Amino acid sequence: MPGKIRSRDEIIAQFKDGQTVMCGGMHNHGTPNNLIQCIIDSGVKHLTVISIDSADANLTLGRLYHHRLVDKLITSYIGRNTEVVAMLEAGEIDVEFVPQGSLAERVRCGGAGLGGVLTKTGLGTVVEETRQIVEINDSGEKYLLETALRADIGLVRARMADPLGNLAYRGTLRNSNPLIATASDLTIVDADMLMDVDEIGIDRIGTPGVYVDMVLAK
């Protein structure tokens, strides 16, 4: 297939030391596992990862932490990954915790070209210690400013992709993948099935191909 379909070697060549990588998936579901293996095989290190959670130890996204490829993690939850918890306690990784809804909104803002979002989530907690507090209206009502998130590379899992990069999702593949596809400078897709142009059907397209740069060849 022509278009945006790329070989595994072409995709491996995109990863560099120190990049920020945004990865779809939650609790090991909807994770672009083939692309995670591409990162490991590329040999890069010192990554910053943005994801809903850190998966399980040495499973799906957790393999990046198992191989000590990540210096910083921006996430809402690490409790299932015993390796990441141990790394945090030992000072081997920097973790920025963000409430899950706020994390999703920060990614959405990054994809929409917005600077951030105002939210009450986290007021009166340790979260506000690292956030700007904004007062609006005459009442002085307070909000936290959650700034937008973008990444050098976004890793997306889709059910179907065509050569133009149009994507369709199924079930839990919708968790964070559609947002991440819009918020990265380079979006790479791991699709379960590669379809011909027009075979997906316009009503099933969840991410238009304009957001997608590369689709991993089968």
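The values are calculated or read from the model by the stated rules, or taken from the named source; none is laboratory data. Just so it is clear, the structure is predicted and the values come from calculations on it, not from any experiment. Heads up, the Cβs are rebuilt from the backbone with ideal geometry, glycines too, and the neighbour counts pull from every protein chain shown. All accessible areas refer to the heavy atoms of the entire protein, side chains included, with ligands and DNA or RNA removed. Shrake-Rupley method; radii C 1.70, N 1.55, O 1.52, S 1.80 Å.
Yes/no per residue for (1) modelled with pLDDT of 95 or more; (2) touching a strand residue (DSSP E or B) at 6+ places or on another chain (Cβ under 8 Å); (3) within 24 Å of Ala161 (Cα to Cα):
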| residue | (1), (2), (3) |
| --- | --- |
| Gln14 | yes, yes, yes |
| Gln19 | yes, yes, no |
| Gly24 | yes, yes, yes |
| Thr31 | yes, yes, yes |
| Cys38 | yes, yes, yes |
| Leu47 | yes, yes, no |
| Ala57 | yes, no, no |
| Lys72 | yes, yes, no |
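Scanning the range 182-210 for residues that are free of Cβ contacts under 8 Å to residues at least 60 places away in the same chain and not in a loop (DSSP other than H, G, I, E, B) yields Asp185, Thr187, Ala191, Asp192, Met193, Ile202, Asp203, Arg204, Thr207, Val210.
Quick one: would you say Val197 is closer than 19 Å to Ile5 by Cβ, in the same structural domain as Gln19 (by TED's automatic domain parsing), among the hydrophobic types (A, V, I, L, M, F, W, C) and open to solvent by 30 Å² or more (accessible area, probe 1.4 Å)?
Details: closer than 19 Å to Ile5 by Cβ: yes; in the same structural domain as Gln19 (by TED's automatic domain parsing): yes; among the hydrophobic types (A, V, I, L, M, F, W, C): yes; open to solvent by 30 Å² or more (accessible area, probe 1.4 Å): yes.
Criteria met by Val197.
Here Thr125, Thr119 are screened, and the one residue that is touching a residue at least 24 places away in the same chain (Cβ under 8 Å) and either among the small types (Gly, Ala, Ser) or outside the structural domain of Thr207 (by TED's automatic domain parsing) (or both) is Thr119. Restricting attention to the range 166-177, the residues that are buried (at least 20 other Cβ atoms within 10 Å of the Cβ) and closer than 21 Å to Val49 by Cβ total 4.
Quick check: anything in the range 150-172 modelled with pLDDT under 95 and assigned to a helix (DSSP H, G or I)? Yes, the range 150-172 has at least one match. Note on the range 1-30: among residues that are surrounded by fewer than 19 Cβ atoms within 10 Å (Cβ to Cβ) and of a type in the set (A, V, I, L, M), the one that is nearest to Tyr169 (Cα to Cα) is Met1. Taken residue by residue, the range 157-165 has no member that is out of contact with any helix residue (DSSP H, G or I) (no Cβ under 8 Å at 6 or more places or on another chain), open to solvent by 50 Å² or more (accessible area, probe 1.4 Å) and either of a type outside the set (S, T, N, Q) or farther than 29 Å from Gly18 by Cα (or both).
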